Amino acid sequence: KAGVTQTPRYLIKTRGQQVTLSCSPISGHRSVSWYQQTPGQGLQFLFEYFSETQRNKGNFPGRFSGRQFSNSRSEMNVSTLELGDSALYLCASSHSYEQYFGPGTRLTVT
Amino acid sequence: GNSVTQMEGPVTLSEEAFLTINCTYTATGYPSLFWYVQYPGEGLQLLLKATKADDKGSNKGFEATYRKETTSFHLEKGSVQVSDSAVYFCALMNGSGNQFYFGTGTSLTVIP
């Protein structure tokens, strides 16, 4: 089975721009979660989707949004980028109470 | 609420030394507990898990026992190798199975 894939792997954006990151879960997994990882804050939960519905949301501003499609693929969007949004964004798909992570998208905001 | 506390890093050990990384948790209900490992430039990989009290998870020489009485899930390995150098994350999954909570991670460097 193919693992969790994330695209793009690296991204450089300018303050004020918006960005969309994509995640394809493992085939058959219906739950997708997103995390932001930074050196100072560690791994912070953004949101979780199951069958196209957001089930859980972390403590992030409304600039961070996501969605899930009928094939379980998920996207997250960050609008009006700030320097502090520079981070590794990790996607994880879940099945049978285990999470499997993708390699992440490294976002740099300049 | 739910939370995970890990020992502060970084940890530096010589090859073949004994490793312990402490992890304690706070949870409502009956959580499952996990250790993940992250190698440089990669995402997190599941290392081991335990789903109920007194369960012992093990993989690749690493072990951790789910201790409800001390709310702990310490990671141990008897003899570390250079290839074990990575960041280790303790995590819990809530009883509903729909949210994970991660510790801040402990960086381990093993020197030859």
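The values are calculated or read from the model by the stated rules, or taken from the named source; none is laboratory data. Model, not experiment: these values are computed from the prediction. Because the Cβ atoms are built from the backbone with ideal geometry, glycine has one as well, and the counts that use them run over all protein chains shown.
Odds and ends about this structure:
- Strands (runs of 3 or more DSSP E) completely within segment A:4-110 that count 1 or more residues being without any contact (Cβ under 8 Å) to a residue 40 or more places away in the chain, within 12 Å of chain B (Cβ to nearest Cβ) and over 27 Å from B:THR5 (Cα atoms): A:42-50, A:53-57
- Members of segment B:29-50 that are facing another protein chain (nearest Cβ under 10 Å) and either of a type in the set (A, V, I, L, M, F, W, C) or at positive phi (or both): B:PHE34, B:GLY41, B:LEU44, B:LEU46
- Scanning segment A:92-110 for residues that are in contact with a Leu (Cβ under 8 Å, 6 or more places away or on another chain) and crowded, with 21+ Cβ neighbours inside 10 Å yields a total of 6.
- Residue count for segment B:59-104 satisfying the condition of being closer than 16 Å to B:PRO40 by Cβ, within 14 Å of chain A (Cβ to nearest Cβ) and in contact with a Leu (Cβ under 7 Å, 6 or more places away or on another chain): 3.
- Qualifying residues in segment A:74-91 (those that are closer than 28 Å to B:THR51 by Cα and of a type outside the set (Ser, Thr, Tyr)) - the one surrounded by the fewest Cβ atoms within 10 Å (Cβ to Cβ): A:LEU90
- Within segment B:67-112, strands (runs of 3 or more DSSP E) holding 2 or more residues that are modelled with pLDDT of 95 or more and touching a helix residue (DSSP H, G or I) at 6+ places or on another chain (Cβ under 7 Å): B:106-111
- Test for B:ALA53: is it farther than 21 Å from B:GLY78 by Cβ and either free of Cβ contacts under 8 Å to residues at least 24 places away in the same chain or not in a loop (DSSP other than H, G, I, E, B) (or both): yes
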